[in-house]
Every structure is written in structure tokens, then in C-alpha cells.
1. Which of 216, 84, 133 moves the most in a Gaussian network model of the chain with Cα springs under 10 Å?
2. Before I look further, what does the chain give for accessible area per residue, probe 1.4 Å, in whole square angstrom?
3. Calculate, in nm to one decimal, what residue 31 and residue 205 gain on full extension: separation in residues at 0.36 nm each, minus their alpha carbon distance.
4. Out of all DSSP beta bridges in the stretch 12-263, what portion is antiparallel? Express it as a percent rounded to 5.
5. First compute the accessible area of the chain with a 1.4 Å probe, then give the percent of it belonging to carbon and sulfur atoms.
6. Calculated FRET efficiency, residue 240 and residue 138, Cβ-Cβ r, R0 30 Å, to nearest 0.05?
7. Loop sites only, by DSSP: take the trypsin sites (Lys or Arg not before Pro) in the chain that have at most 13 other C-beta atoms within 10 Å and name the longest stretch containing none of them.
8. Once the piece of chain linking residue 131 and residue 93 is laid out straight, how much longer is it, given 0.36 nm per residue of separation minus the C-alpha distance between them?
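The values are calculated or read from the model by the stated rules, or taken from the named source; none is laboratory data. Values in this document were obtained by computation on a predicted structure and should not be read as measured data. Cβ placement follows ideal geometry from the backbone for every residue including glycine, while neighbour counts extend to all protein chains displayed. Note: areas computed on protein heavy atoms with side chains; ligands, DNA, RNA excluded. Shrake-Rupley method; radii C 1.70, N 1.55, O 1.52, S 1.80 Å.
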Amino acid sequence: MLKLFEHNTLNVNDIGEEQTAVEVKNLNLWFGNKHVLNDISMRIPKNKITALIGQSGCGKSTLISCFNRLNDLYDGCKYDGEIIIDGQNINSRKVNVSRLRTNVGMVFQRPNPFPMSIYENVCYGLKLQGVKIRRHLDDAVESALKQAALWDEVKDRLFESAHVLSGGQQQRLVIARALALKPDILLLDEPTSALDPLTTLFIEELMDALKKQCTIIIVTHNMQQAARVSDYTAFFHQGRLIEYADSDTLFTMPEKKQTEDYITGRYG
Ligand SMILES: Nc1ncnc2c1ncn2[C@@H]1O[C@H](COP(=O)(O)OP(=O)(O)OP(=O)(O)O)[C@@H](O)[C@H]1O
């Protein structure tokens, strides 16, 4: 197995409260009558990369979308159980959802820069929050672009349209847009599936650097990527969490036959 990144991990059962970024407790979710997430419980550790894997349709994207309440946008979506972030059950009606979405950033499969300049893309969320002072915006844009390893490539053309950037640059721009809001948690839904292998590696190195400042949860279909980049991996099947372990253990000594069949490509 190609190992580029060092993983220093606890057993999933030993992740304590202080080390937990997201605690999922008996989460169930339905779209209409369809029971999509079935009694999921897990602790996702802080400042680590956790990969969610499993066959198409098993509920990975739905699960990460619970972490910033994106599923609320769909009529007919119901859920119960708890998701604790920063000591608060974010499934509660009392939660301020826009504040939650600032704290829990999300990046999707296809880079989706807004039709505006590179600069405006990065400071979009800050402006929505009411930040107006130009120097503050300039500093935030520079810092987020540096964290996303894009600054050197765009610093001389910040006011050009974001759409002139390559796919990999656009994906880093979208990551910078999320980072400008200083999220504690970054959700990445197949962030490299539309990118070539070199750009993918670049984004993986970026994720490894970013975990110092935030918790990363990534959905991926790419087993090599999950094994290379993540500290922990959770395998799902038909809406259930089948196996969750540190990635070294899950990819070399899975406990369940179903996990082994999936990671060795026998199905999926
Ligand atoms: N907005 C929605 N309304 C109704 N059903 C939905 C909705 N979103 C997802 N589903 C259904 O929920 C199930 C889980 O979908 P989800 O996208 O979470 O799976 P996934 O594991 O992320 O799949 P993939 O790997 O293909 O992206 C699927 O059966 C899907 O059709």
C-alpha cells in the first residue's frame, strides 16, 4: 500500500470526549418512506482525516450532509438521534443553522466557484457576515489562498474570473472559500473525483496539511485515497455503519467479511 502520510491514531473506541469533533448517536434518516441512515453511532476525532467509504447509494453523502444540516433543504427528509458538535446537539431546532454552516464547511465533487472574481469568491462568506473593511478582507483572502496552496498561482490575477482557473485550481479555490470562514470541520464530498492523478495528489497533500487546523471528513470511492490520506475509515452498507477503525487496521485487517469484500473490490 502506498503510504505518503504518517497516521498517528488511537483505537476508535478510545476516542475521548475532548478528542471528538463530531459525535453521532443513534442517527436515523428517512427521505419519504426510504430509511437511508440506520442507527448510526460513531465518534469522529478532531484534527484527523476520517474517510467514509461504501457502495454508491449507501448513504455517505447523506451522512456528511447531516453535519451541516444540508438535508433540511429537502422536503420529506426526517431524522432522529443526535449529532453533538461543540457540546451541542445540532439536530435540535434551537440551533442557528447559518452559524453551523460557517463552522462546518463543505466542498463538493465538482468545483463550484461562483461566477465572480477569484478574490470575490474567497471573501463571499465574510461579506455575507458583514465584514466590510477592505484590509480585513484582503488579509483573509491572502491567508485562505495560502492555506489552500493557491496563492502563488493567483496572487497576480485576483480580480480575474474564477472560471479561467483549471479544475484543480478551482477545487483549491472552493477549499479557500470554505477556509476563509475558519471552519472547525471541513466536509469533502468526493473532492478529487473530477481531477487528474497529479492534481489529486496535490489536494491530498493539502488535506494532510489542513488537518492541523481543522477536522476533515471525506467521502471517497477511491480506496487507495482513503488508505493513503485518512487516519480513520468508516465502511457503510445500505445505510448501516458496518466497520469503523483506524485506516491502517481497516485496510490491512478488516474484522468483517463484508468490509474485506468491498476493499478488495469483490463488490461495489
Ligand atoms: N434529496 C433526496 N431525496 C430522496 N432520496 C435521496 C435524496 N438524496 C439521496 N437520496 C437517496 O438516499 C440514498 C443515499 O444516497 P447518498 O447520496 O447519501 O449515497 P452515497 O453513498 O453518497 O452515494 P454515491 O457514492 O453514489 O454518491 C440513495 O438511495 C439516494 O437515492
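1. In the Gaussian network model the winner is 133.
2. Result: 48 Å² of accessible area for each residue.
3. So the extension gain works out to 59.1 nm.
4. Roughly 55 percent of the beta bridges in the stretch 12-263 run antiparallel, per DSSP.
5. Answer for the chain: carbon and sulfur cover 48 percent of the accessible area.
6. 0.05
7. With a cap of 13 other Cβ atoms within 10 Å, the longest stretch comes to 4-92.
8. Result: 10.9 nm gained on full extension.
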